[in-house]
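**Q** Below: one structure in structure tokens.
The values are calculated or read from the model by the stated rules, or taken from the named source; none is laboratory data. The structure presented is a predicted model; accordingly, all values stated were derived computationally and were not measured. Neighbour counts run over all protein chains shown; Cβ positions are idealised from the backbone, glycine included. The accessibility values were calculated without ligands, DNA or RNA, using every heavy atom of the protein model including side chains. Shrake-Rupley method; radii C 1.70, N 1.55, O 1.52, S 1.80 Å.
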Amino acid sequence: MDDANGPSSRDGPERGEPPDRAAARRELVDALRERLDVSERTLSAIEAVPRHEFVPESHRSRAYADRPLPIGRDQTISAPHMVAVMTDLLDPDRGDRVLEVGTGCGYHAAVLAELVGGGNVYSAEYVPELAADARERLDRLGYDVTVRAGDGREAFRDEAPFDAASLTCAPSGGVPDPIVDQVRTGGRVVAPVEDGGLLGGGQRLVRLTVREDGVEREDHGGVRFVPMR
Ligand code: SAH
């Protein structure tokens, strides 16, 4: 996706992009670079995706603020820093096949597609209307992402094994086995999970690396995501 700056970028809100949006996005990425320890590769992917296309009209003016925004049906688009951190932990190579559970508006899927290339992102969304909207939007923006409506535990079993899986909804009781089973040995899963702590309701961001004899788990701090259904 190009950051068009020429006259063609003034064709209208849906075609091309006014220069101030590209500038706002660059500013956001500069702020993320200051704050986070993430790779330039990840930041370039964030800079390439027109986040304003993924948020409802009524919230467009805030598309490049580093915060989650409502996308309807009680769901949200994740904050840019969270997408950056999760993407960086997943660190997919070009050509890797990635499973995403929780398409939402499709923003994170687009960021992943920037990194792995077209045809390699498989994203499942439980709410059929969100899946349909995300599919239409990703298609219109030129992202070759396969979106299916359904439960992410099983929606793409026919496409397994994956090199990596990214969950953007929080399962209770750890990453479900069916998802881990669909990731190849050496592959990774990044997910928010209920931490089962004393106070309850807390979530931790974890990265699992699938080994022949089990999974290795790293903790990457407290997070807050919608529950996985
Ligand atoms: N990836 C999105 C954020 C999505 S929010 C972004 O780019 O901003 C999490 C999404 O997970 C919600 O849309 C919710 O409907 C979906 N979800 C919840 N449980 C699910 C399940 N079992 N399978 C697939 N999607 C699920």
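**Q** Within region 114-135, does at least one residue satisfy the condition of being out of contact with any Leu (no Cβ under 9 Å at 6 or more places or on another chain), open to solvent by less than 10 Å² (accessible area, probe 1.4 Å), more than 14 Å from ARG41 (Cβ to Cβ) and more than 8 Å from the ligand (Cβ to nearest atom)?
**A** For region 114-135, residues out of contact with any Leu (no Cβ under 9 Å at 6 or more places or on another chain), open to solvent by less than 10 Å² (accessible area, probe 1.4 Å), more than 14 Å from ARG41 (Cβ to Cβ) and more than 8 Å from the ligand (Cβ to nearest atom): present.
**Q** Suppose we filter ARG35, ARG26 for residues that are open to solvent by 30 Å² or more (accessible area, probe 1.4 Å), within 25 Å of GLU218 (Cβ to Cβ), away from the ligand (no atom under 13 Å from the Cβ) and modelled with pLDDT of 95 or more; which single one remains?
**A** ARG35
**Q** Filter region 57-79 down to the residues that are without any contact (Cβ under 8 Å) to a residue 24 or more places away in the chain and of a type in the set (S, T, N, Q), then identify the one that is surrounded by the most Cβ atoms within 10 Å (Cβ to Cβ).
**A** Per the stated criteria, the residue is SER61.
**Q** Scan the strands (runs of 3 or more DSSP E) fully inside region 84-172 and keep the ones with 1 or more residues being touching a Pro at 6+ places or on another chain (Cβ under 7 Å).
**A** Answer list for region 84-172: 98-101, 145-149, 162-167.
**Q** Oh, and also: For CYS105, all conditions in the list (1) open to solvent by less than 30 Å² (accessible area, probe 1.4 Å); (2) over 23 Å from PRO56 (Cβ atoms); (3) within 11 Å of the ligand (Cβ to nearest atom) hold save one; what is the number of the exception?
**A** It is condition (2) that CYS105 fails.
**Q** Shifting gears a bit: Here is a list: TYR107, TYR143. Which entry is touching a Phe, Trp or Tyr at 6+ places or on another chain (Cβ under 7 Å), over 26 Å from THR185 (Cβ atoms) and free of Cβ contacts under 8 Å to residues at least 60 places away in the same chain?
**A** Only one candidate passes the filter, namely TYR107.
Conditions tested, residue by residue: (1) among the charged types (D, E, K, R); (2) modelled with pLDDT under 95; (3) open to solvent by less than 80 Å² (accessible area, probe 1.4 Å).
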site	(1), (2), (3)
VAL190	no, no, yes
GLU194	yes, yes, yes
GLY197	no, yes, yes
GLY201	no, yes, yes
LEU205	no, no, yes
LEU208	no, no, yes
GLU212	yes, no, no
MET228	no, no, yes
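**Q** On to the next question. Exactly one condition in (1) closer than 18 Å to ALA48 by Cα; (2) touching a residue at least 12 places away in the same chain (Cβ under 8 Å); (3) over 10 Å from the mean Cα position of the chain (by Cα); (4) surrounded by fewer than 22 Cβ atoms within 10 Å (Cβ to Cβ) is false for MET82; which is it?
**A** Looking at each condition in turn, MET82 falls short on (3).
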